[in-house]
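Student: The structure under discussion is supplied below as structure tokens; questions concerning it will follow.
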Amino acid sequence: MKRQLRALAAAGLLVASSLVAVALGGSASADTQICEQYGSTVIQGRYVVQNNRWGTTAQQCINATNNGFEIITQNGSSPTNGAPTAYPSVFLGCHYTNCSPGTNLPIQVSQISSATSSISYRYVSGATYNASYDIWLDPSPKRDGVNQMEIMIWLNRQGPIQPIGSVVGTTNLAGRTWEVWRGSNGSNNVISYVASSAISSLNFSVLDFINDTRNRGAITNSWYLTSIQAGFEPWQGGVGLAVTSFSANVNGGGQPPTDPTTPPPGGGASCAVKYTANSWNNGFTADVQITNTGSSAINGWTLTYGLPGGQQVTNAWNATVSQSGSTVTARNVGHNGSVAPGGTASFGYQGTLSGSYSSPTSFSLNGATCSRS
């Protein structure tokens with residue numbers, strides 16, 4: 001119900017240059033006001049704050065800070081037995097082609113060694129809303145469109161609203177007891193974990209909730225985590241609601257340990273990168289070879305690294321390559337996403353050069369540091 005409407009609106013509008021924001025890319029050094037329907041901005045150089053007013057034509061504005069955001073205008077109103085007006089939020093990962101800078105998401109669940117997050121909310125009275133933390137997963141490394149599985153963590157709800165589906169039991173996660181709801185909105189499946197009373201801050205393992213969802217048969221370890229998001233779903237009112245702080249980290253490195261809060265033993269790199277460059281006065285080319293030095297196959301990869309100053313990627317082949325500031329993110333294309341143990345995947349690109357040339361020195365594959373070869 002709720003996400004189906006959000007997805008339909010976004011699918012029709014989030015194309016090409018439709019992702020309009022007051023500030024796009026880079027770090028927000030000062031507060032940034034966003035009123036565009038799907039406007040967004042980057043904070044801390046690694047998270048995206050989005051207005052995401054998908055369920056109403058009435059104006060909504062948010063003020064993005066370096067730590068989160070606040071709703072400063074919310075004129076929409078929706079019946080409480082239907083979908084909310086919006087989902088203003090801050091996220092790590094990819095949401096309808098909008099990927100946070102340097103993210104290693106999507107990442108296969110089997111490759112996650114730890115996924116942690118910390119969130120703080122400020123609540124207001126007299127409004128109807130939920131404070132919702134969303135975890136999105138899909139059988140493919142999807143960066144656009146609707147994901148098949150949505151995990152919702154309801155940290156607070158005000159007014160006569162309820163999650164999608166029906167109650168299927170309770171569970172203990174993150175040191176608390178949660179009421180568990182399960183259903184479908186017609187576009188994707190939803191499992192919701194509802195707190196018995198308002199939680200204003202939480203420091204927890206995202207992987208705990210993913211594992212619980214997997215244990216209920218809703219996903220498998222071959223699925224991909226595509227994004228984690230924290231925000232509000234307002235039905236009526238909501239001015240003053242704020243995410244006052246947000247952080248998230250997803251680490252790769254092989255099969256998750258029995259205790260998902262503990263890194264896997266060894267902790268060594270399971271990849272090696274060979275970087276071969278050819279430069280001239282104002283340009284360069286680079287060939288990059290990734291070797292899987294681990295014991296299990298890599299299914300879908302994201303390589304991140306920093307380019308020295310004065311270098312800018314212009315075009316690439318055999319990978320989808322983007323650059324934000326000095327951070328380069330390269331993601332596999334269809335034919336080279338699977339890398340067997342001992343196997344390699346290669347891509348290349350061309351760039352412009354200002355000043356003397358030097359090669360990058362450190363690389364991270366799906367969150368794990370690679371050695372140089």
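Every number in this text was worked out from the coordinates using simple rules, so none of it is lab data. Please read all numbers here as calculations on a predicted model, not as lab measurements. Heads up, the Cβs are rebuilt from the backbone with ideal geometry, glycines too, and the neighbour counts pull from every protein chain shown.
Student: Neighbouring Cβ atoms within 10 Å as the yardstick, rank 31, 212, 138 fewest first.
Tutor: On the way: 31 13, 212 18, 138 21.
Lowest count first: 31, 212, 138.
Student: Just to confirm the number: angle between the C-alpha axis of helix 206-215 and the first principal axis of the chain, 0 to 90 degrees, nearest 10?
Tutor: Long axis of 206-215 versus the principal axis of the chain: about 80 degrees.
Student: For helix 2-13, report the angle its Cα long axis makes with the longest principal axis of the Cα atoms of the chain; keep it between 0 and 90° and round to the nearest 10°.
Tutor: 50
Student: Counting other C-beta atoms within 10 Å, which of 136, 280, 54 has the fewest, and how do the rest follow? Can you show the working numbers first?
Tutor: Working: 136 25, 280 9, 54 22.
With the sparsest Cβ surroundings first, the list reads 280, 54, 136.
Student: So, one more: With θ set to phi - 60° and the Karplus curve 6.51 cos²θ - 1.76 cosθ + 1.60, what are the ³J(HN,Hα) couplings of segment 55-70 in order, to the nearest whole Hz, using x for Gly and Pro?
Tutor: Coupling constants for segment 55-70: x, 7, 8, 6, 5, 9, 10, 10, 10, 7, 10, 6, 10, x, 6, 9 Hz.
Student: Explain nothing, just the number: relative contact order of the chain, from Cα pairs under 8 Å at least 6 residues apart, as a whole percent.
Tutor: Details: 1037 pairs, mean separation 66.2, N = 373.
Rounded, it is 18 percent for the chain.
Student: Now for a different question. How do the peptides 297-308, 193-204, 327-338, 88-99 rank, highest first, by the average count of neighbouring beta carbon atoms within 10 Å per residue?
Tutor: Working: 297-308: 19.3, 193-204: 15.5, 327-338: 17.2, 88-99: 24.5.
Final packing ranking: 88-99, 297-308, 327-338, 193-204.
Student: Does segment 2-251 classify as rounded, prolate or oblate by the C-alpha gyration tensor (a ≥ b ≥ c root eigenvalues; a/c under 1.5 gives rounded; else a/b over b/c gives prolate, otherwise oblate)?
Tutor: On the way: a/c = 1.37, a/b = 1.14, b/c = 1.20.
Here segment 2-251 falls in the rounded category.
Student: Counting each DSSP H run of 4 or more residues in the chain as -39500 (n - 2.57), what helix-only mean residue ellipticity at 222 nm follows after dividing by all residues, to the nearest 500 deg cm²/dmol? Don't skip to the end; give the middle numbers.
Tutor: Working: 2 runs with 22 residues, N = 373.
Computed ellipticity for the chain at 222 nm equals -2000 deg cm²/dmol.
Student: For residue 363, enumerate residues with amide H under 5 Å from its amide H, sequence gap 5+ or separate chain, H modeled in the peptide plane.
Tutor: Those lying under 5 Å, H to H, from residue 363 are 370.
Student: Something else about it: For segment 271-372, what is the relative contact order in percent, using Cα pairs closer than 8 Å and at least 6 residues apart in sequence? Write down the numbers at each step before the final one.
Tutor: On the way: 239 pairs, mean separation 39.5, N = 102.
It rounds to 39 percent for segment 271-372.
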